[in-house]
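Structure first, commentary second.
Every number in this text was worked out from the coordinates using simple rules, so none of it is lab data. All figures in this text were calculated on a predicted structure; none of them were measured in a lab. Reconstructed Cβ throughout: ideal geometry from the backbone, glycine too, with neighbour counts over all protein chains shown.
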Amino acid sequence: MSPSKAPLELKYLPLRSNHPLGLQEDACMPLRAPRYATCRACEDICPVQALHVEETVIQLQDQCVRCGRCAAACPMGALGQPGFSVPEVSRKETRPLSVDCWKVPAKLTPDESLRVPCLGGLSPGRILELVAAAGPRAVELLDRGWCATCGAGGAGEHPAAVNLALARTLLEAAGSGADRLPRLRILHLPADLMPAEIPPPVSENKMSRRSFFSALTAKATVAVDQLRPLPEAETRRRRGFEREPVPSRERQRVLFAMERIAQSAWLAPPPGLFQRVEVSADCSNHQLCASICPTGALAVFEQGSRSELMFDTQLCIGCSECRAICPSGALSLLPNGYAASGETLPDRPIRLTSFGERSCPECGQSYTDSNDADLCPQCEKRRNLASSAFQSLFGSRG
């Protein structure tokens, strides 16, 4: 992989008119597989319970405070909000790169700092992007002492604490020194300076309201959006309810940022970035795991008369939806599997299963040839039911 030179703009559909939070439906796991996907990360993290994931839609209520924490929690990057993109910054500065909240009056923010709607809206990928952009400079998220009483924060730990810890863990595992780790810096301000709400983007971006929302629908962007092509010699089999896989925007931020950091600081990407999948002999080739996989990390390919399940650890976000949906309980997802086993990280998809396939002479559907059956399971079941009914009706007659 190499960092993208020309980021691809992503268009988000606003969840409400005149509201900055947008959705890419094709990347949302619950909307891709409404009856099966269990992810509710955005709904669970919302500090004011403004977001509700329903079977075919995500509802955003009036009490939304525009903090972006839901977008930061989404493992697919399906939610997006302007104000969090990481620009290129000067690496010649010796001062740390500070990140401040929009609630802080601009005149009280240190010079050459970045400002975001809420520090809690910085995902691990965004924080790693900051580290990559800053180069040798330290990255400091400024804690103004307001979060405990802010609607976007609330009592307890700082809203950025969890994502900051995840980013630090990855950097430490890669061998980063303490001086390169992003951190919170306590720089409290008087509580009476805090506004009741996060200011609207138009005041921060210095553009008209109409121009801003036009920009939202047309140009909401992320830093990296690249899709590695599948091997040309193989053809993906599509199941009936499967949507086309899409890469996780958040995972791409993490991978590309870590690669950039590794190149500049002579670090190795930590194995903990990658998942391992194992399939037991109980697998019956239902292929539901590949059907529900949002990123295409699990995919079914056809090789002649065989059906093969392939796994690409680069694409896997570790959501465990595949394991949950497997009717045979045959699939295991092992976090940090390659780190634990000491194996070399695969640089291409690996084969997990390979099954022969036949065409059913009665219905014409393709089915797994696992027991030398002459018919597909559905037709075999109908035949057995018919035989059983015949025996019930006529078997005892002399």
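When a footprinting reagent is the concern and you count Cβ atoms within 10 Å, what order do Lys92, Lys103, Lys381 take, fewest first?
Numbers: Lys92 8, Lys103 21, Lys381 11.
The fewest-first ordering by Cβ neighbours comes to Lys92, Lys381, Lys103.
How would you rank 83-89, 42-48, highest first, on the average number of other Cβ atoms within 10 Å across their residues?
Numbers: 83-89: 15.3, 42-48: 18.1.
Packing order, densest peptide first, comes out as 42-48, 83-89.
How much length would be gained if the chain were fully extended between Glu278 and Ser305, taking 0.36 nm per residue of separation minus their Cα-Cα distance, in nm to one decimal? If you can, show how the numbers build up before the last one.
Numbers: separation 27, 0.36 × 27 = 9.72 nm, distance 2.32 nm.
Here the segment from Glu278 to Ser305 would lengthen by 7.4 nm.
Would you compute, for the Cα atoms of segment 80-219, the largest minus smallest coordinate along each principal axis and list the three values in descending order, in whole Å?
46, 35, 26
Could you give each residue of segment 177-185 its phi-based ³J(HN,Hα) in whole Hz, using Karplus coefficients 6.51, -1.76, 1.60 with θ = phi - 60°, and x for Gly or Pro?
Couplings: x, 4, 6, 9, 7, x, 8, 7, 10 Hz.
Considering only DSSP states other than H, G, I, E and B, which trypsin sites (Lys or Arg not before Pro) in segment 31-80 qualify as loop sites with at most 10 other Cβ atoms within 10 Å?
On the way: sites: Arg32, Arg35, Arg40, Arg66, Arg69; in loops: Arg35, Arg40, Arg66.
Sparse-neighbourhood loop trypsin sites (Lys or Arg not before Pro): Arg35.
R0 = 41 Å: FRET efficiency of Arg382 with His52, Cβ-based, nearest 0.05?
After rounding to 0.05, the efficiency reads 0.45.
Could you give me the ³J(HN,Hα) list for segment 56-73, computed from phi with Karplus coefficients 6.51, -1.76, 1.60 and θ = phi - 60°, whole Hz, x at Gly and Pro?
Listing the rounded values in order: 10, 7, 10, 9, 10, 8, 4, 6, 3, 9, 6, 7, x, 5, 5, 5, 5, 8 Hz.
Set the Förster radius R0 to 30 Å, insert the Cβ-Cβ distance between Glu93 and His188 as r into 1/(1 + (r/R0)^6), and round the FRET efficiency to 0.05. Before the final figure, lay out each step's value.
Details: r = 24 Å, r/R0 = 0.80.
Computed FRET efficiency for Glu93 and His188: 0.80.
Apply the Karplus curve 6.51 cos²θ - 1.76 cosθ + 1.60, θ = phi - 60°, to the phi angles in segment 257-269 and return the couplings in whole Hz, x for Gly and Pro.
The phi angles translate into 5, 5, 5, 5, 5, 4, 5, 7, 10, 6, 10, 9, x Hz.
Please list 71-78, 56-63 highest first by mean number of surrounding beta-carbon atoms within 10 Å per residue.
Working: 71-78: 24.6, 56-63: 13.1.
Most protected by this proxy first, the peptides run 71-78, 56-63.
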